[in-house]
Amino acid sequence: MNDARTDGAAGPLEIRIDSKTYVSAEGQAVEVIRDLTLRLDAFSVGALIGPSGCGKTTILHIAAGLDPNFIGHLRIPGQGRLGVVFQEPRLLPWRTVADNIRLVLPPEQSFDQLDDLIDTLGLGAHLTHYPGELSLGLARRVAIARAFAVQPDFLLLDEPFVSLDVAVAARLRDELTMLTQRRQVTTLLVTHDLEDAIQLADRLFFLSMRPANIIAEMALPPPRGARDKATIDEIAEQVKSQVPGYASGAART
Amino acid sequence: MAKVLSLAALLGLWTLVAWLTQSPLLPSPMRVGEAILVDMQSGELPFQMACTLARVVAAFVIAFTLGVAAGYAMGRWRSVDRYADPWLVVLLNLPALVIIIFAYIWIGLNETAAIVAVALNKLPNVIVVTREGARSLDPNLDEMARAFRFSWQSKLRNVIMPQLAPYLAAVSRSGLAIIWKIVLVVELLGRPNGVGFVLGSSFSLFDMTRILSYAISFVALMLAIETFVVQPLERRTNRWRRRAA
Ligand SMILES: Nc1ncnc2c1ncn2[C@@H]1O[C@H](COP(=O)(O)OP(=O)(O)O)[C@@H](O)[C@H]1O
Ligand SMILES: [Mg+2]
């Protein structure tokens, strides 16, 4: 039905979804994605932007190789070394923060080498805690630490800043920028927040409502992660004037 | 504290009734205690208890291993469940006594038959509970483990077992209780030793002192295992839950 393969670490990410259908609770097939093509250069950060329910998480699952039930084609960068931040933290409740991270480490990586990462995400004081003892913001940070601890060639982030308070979200954004700069990793970020996307990404992909496809694509001027408020606002204005339906709120949630 | 008081009250009641009736059919706690001491010293009681305990352990290990494997497969894969479920229903509804008699007749009056009979009696319950546990496994964590390329050993240890643990603990508890009771019946019907055998022969002699001393000793042993082995294990697997509360 579809063929998926991995390329060398430097290959681009290519996702082509001719069709993706879910079977609804009533037993009807609902097509949520149709004729979607997405190509992301190696080591760049792409942002998928679209209203909630349009199929962003579905695309991420397909990109992660977790959902083989689609018609299309998938080419993943790297040797399959994948880091994922799911929409929910998905930590193991019966393992401490440290163990949750330790469990995903590749053989050549030791936990002690992660000090920087742990510091950056402010997890030092929480390593012996269990996930049930953490706030949602902290749990998200653990999930991000885990995704980076893998030393991924390919990183997928599903709305990592949603439902966090403003200050925490801002810090996480900066941390993410630092992390993607420190390590060369092809990243696909899902968000429904335009400013998040502009701050973090090299390339924006705008999704339509069901069945989803890409209605517009925009390459942002480098360097990513160093855009100031004025630049971000300027780009946002550009998006609103260029992306059909965006300003009218059709793509807003 | 309440436990101790209630046990003391039971002992007091027993002493009182025994003293009132003065019948050989209800020996006093003192006499039963003496009998226990005597049989302890002669080595008779420890030997018979060890025979029974060995059967309990063997049957438990077999029922548990097979039951967890089968229950997991049935909970995880619908097709397995569809084919295996009718067998399970049959096994669930076969009376313990019927299974024991079949085992003794088909396999012979030997140790294998005894243990198979007990294990088969416990098996369906282990399967049902494990299947329930396997059905409730969190698909999100399953995906997480796949995305992060957990080895199957790591997945079993870190993702699946902790979720099944409460079910397995429940099954061990009820399992121990059911199994030792069935072992006594199996011994009564076809074994030349074990607590069940002693109870059977004492019954034909109406030797109530002996019956009570063996029964009480074995119940005490099972309670000790429950308290000092099963419960601490359960507490350990639930440590993260209490911390998280
Ligand atoms: N397992 C599923 N079964 C049926 N429908 C689903 C399933 N997962 C998602 N959907 C539907 O597919 C659409 C896209 O979902 P999703 O990818 O989660 O959207 P987003 O992440 O953009 O909010 C939604 O309408 C949702 O209801
Ligand atoms: Mg989503």
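A few remarks follow.
- Going through (1) out of contact with any helix residue (DSSP H, G or I) (no Cβ under 6 Å at 6 or more places or on another chain); (2) within 15 Å of A:Val150 (Cα to Cα); (3) surrounded by fewer than 16 Cβ atoms within 10 Å (Cβ to Cβ) one by one, A:Phe86 falls short only on (3).
- Condition met for A:Asp116 (away from chain B (no Cβ under 12 Å), acidic (Asp, Glu) and within 16 Å of ligand 1 (Cβ to nearest atom)): no
- Residue within segment A:69-83 that is at negative phi, surrounded by fewer than 17 Cβ atoms within 10 Å (Cβ to Cβ) and within 16 Å of ligand 2 (Cβ to nearest atom) present: no
- The single condition among (1) away from chain B (no Cβ under 14 Å); (2) within 7 Å of ligand 1 (Cβ to nearest atom) that A:Glu26 does not satisfy is (2).
- Residue match in segment A:132-141 (condition: within 8 Å of chain B (Cβ to nearest Cβ) and part of a helix (DSSP H, G or I)): yes
- Of all the criteria given as (1) of a type outside the set (Phe, Trp, Tyr); (2) closer than 19 Å to A:Met218 by Cβ; (3) under 15 Å from the mean Cα position of the chain (by Cα), the one not satisfied by A:Cys54 is (3).
Each row is one residue, and each column tells you yes or no for (1) surrounded by fewer than 17 Cβ atoms within 10 Å (Cβ to Cβ); (2) out of contact with any Leu (no Cβ under 6 Å at 6 or more places or on another chain); (3) hydrophobic (A, V, I, L, M, F, W, C).
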{"site": "B:Arg55", "(1), (2), (3)": "no, yes, no"}
{"site": "B:Phe64", "(1), (2), (3)": "no, yes, yes"}
{"site": "B:Gly71", "(1), (2), (3)": "no, yes, no"}
{"site": "B:Leu97", "(1), (2), (3)": "yes, yes, yes"}
{"site": "B:Val116", "(1), (2), (3)": "no, yes, yes"}
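- B:Pro232 vs. criteria within 14 Å of chain A (Cβ to nearest Cβ), within 19 Å of the chain's Cα centre (by Cα) and surrounded by fewer than 18 Cβ atoms within 10 Å (Cβ to Cβ): no
- Pairs where the first residue, in segment A:35-62, is among the small types (Gly, Ala, Ser) and at pLDDT 90 or above and the second is assigned to a helix (DSSP H, G or I) and more than 10 Å from ligand 2 (Cβ to nearest atom), C-beta under 6 Å, 6+ apart: A:Ala47/A:Ala197
Residue-by-condition table, conditions (1) of a type in the set (Gly, Ala, Ser); (2) under 25 Å from A:Asp115 (Cβ atoms); (3) more than 16 Å from ligand 1 (Cβ to nearest atom); (4) touching a Leu at 6+ places or on another chain (Cβ under 7 Å):
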| site | (1), (2), (3), (4) |
| --- | --- |
| A:Asp153 | no, yes, yes, no |
| A:Phe161 | no, yes, no, yes |
| A:Val168 | no, yes, yes, no |
| A:Met178 | no, yes, yes, no |
| A:Arg182 | no, yes, yes, no |
| A:Glu195 | no, no, yes, no |
| A:Phe205 | no, no, no, yes |
| A:Met209 | no, no, no, no |
| A:Ala216 | yes, no, yes, no |
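- Flag if A:Gly65 is within 19 Å of the chain's Cα centre (by Cα), surrounded by fewer than 22 Cβ atoms within 10 Å (Cβ to Cβ), part of a loop (DSSP other than H, G, I, E, B) and more than 10 Å from ligand 1 (Cβ to nearest atom): yes
The values are calculated or read from the model by the stated rules, or taken from the named source; none is laboratory data. These numbers come from a predicted model, not from an experiment. Don't worry about glycine lacking a Cβ; one is built from the backbone with ideal geometry, like all the others, and counts go over all protein chains shown.
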